[in-house]
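Structure first, commentary second.
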Amino acid sequence: MGEGQDGQQEAEADAAGGEALLGRLFDDLVRDGWLLGMNAGLDPAMERMDPETGVYNAAYFEAITQEAVADLERGREPRVGDGPEHGAMAILSVRILDLDRLIATAGTESPEMLREIARRLETCLRADDVLGRTRRDTFSLLLRGCPPAMLTQIARRCVAAVTEAPVVIADQEIRPRVMAAAAQWEWGSATDILAASWAAIGAA
C-alpha cells in the first residue's frame, strides 16, 4: 500500500514538473515570437552589427526605426509594459567630441575605447530601447514610449554615463566628451527623424 502511494506521489511530482517545463517553454516561445514580430518586416540578410562597437550599425538601426514609425502610423495596440506615453517616440543622438584626437590617443586600442562608450550607453537603455552607431562619431538611441520630460532625463544619464569616469585603455586614462540632443517623432520617415536628431546636436 505504501509503495503504491509513493509511486502515485512520484508520478504526480513528475507530471507537475513536466507542466512547469512546458510552461517555461511556452513563455520562451511567446517572448521569442514577440521579438521576431518586432522585426518581422526587416531583411534577414541585412548586416546588423557595427564591427567596431558591437551595437547595431546605421543601416539596421534605421530599418528598426522605420518599423517603429510604421507601428505608430498603423496605430498599433500597446504592448505589455507600455506606459501612458506608448505613442511617443524619439531618437536621442550622442556625439563624441574630438573623436580623431581620442583615436590618436588610444592608438591601436581605439576600438576598445569605442566599445566601452557603447557599453556605457547600453546601461541607460530601458527594456524596449535600441542603441546603434549611426555615424562615425555618433550613437543613437531609439526610445519608444518616451515623453519629453523622460527624454531629458535619459539624455542627461547618457552624458553622465560616458563622461563621469575615464576610459582606461592600456594603462592610460581617456576622458571622452559628448553632446546629446534628440528629436521627437511627429511625422515623416526614419531618415527624417534621424536627420533631425543629428541637426539638433549641431544646434545645441
Worksheet, complete the sentence: If every Lys and Arg gets +1 and every Asp and Glu gets -1 at its Cβ, then about the Cα centre region 100-204 yields a dipole, in debye to the nearest 20, of 140 debye
Item to complete: Taking amide H positions as placed in the peptide plane 1.01 Å from N, state which residues far from V178 in sequence (5 or more) or on other chains have amide H under 5 Å from it.
Response: L97
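May I ask you to compute the full-extension gain from D171 to A59, defined as 0.36 nm times their residue separation minus their alpha-carbon distance, rounded to one decimal in nm?
In short, 36.9 nm is gained.
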Discussion item. Run the Debye formula on the Cα coordinates of region 58-203, all scatterers equal and no solvent, and tell me log10 I(q)/I(0) at q = 0.09, 0.13, 0.19, 0.22 1/Å.
Written reply: -0.28, -0.57, -1.09, -1.38
Fill in: Cα-projected label distance for R135 with R119, points at 7 Å along beta-carbon direction, nm
2.6 nm
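Subtract the Cα-Cα distance of E112 and T163 from 0.36 nm times their separation in residues, and report this length gain in nm to one decimal.
Between E112 and T163, full extension yields 16.8 nm more.
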Response to the item:
Expected sort for 164-176, 50-62 on mean C-beta neighbours within 10 Å, highest first, is 50-62, 164-176
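Could you sort the peptides 133-140, 121-128 by per-residue average Cβ neighbour count (10 Å cutoff), highest mean leading?
133-140, 121-128
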Worksheet entry | Point-to-point label distance, A70-T105, nm (Cα→Cβ direction, 7 Å offset) | 4.3 nm
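Each value in this text was obtained by applying a stated rule to the coordinates, not by laboratory testing. Please read these numbers as outputs of a predicted model, since none were measured by experiment. No Cβ is skipped: glycine too gets one built from the backbone with ideal geometry, and neighbour counts run over all protein chains shown.
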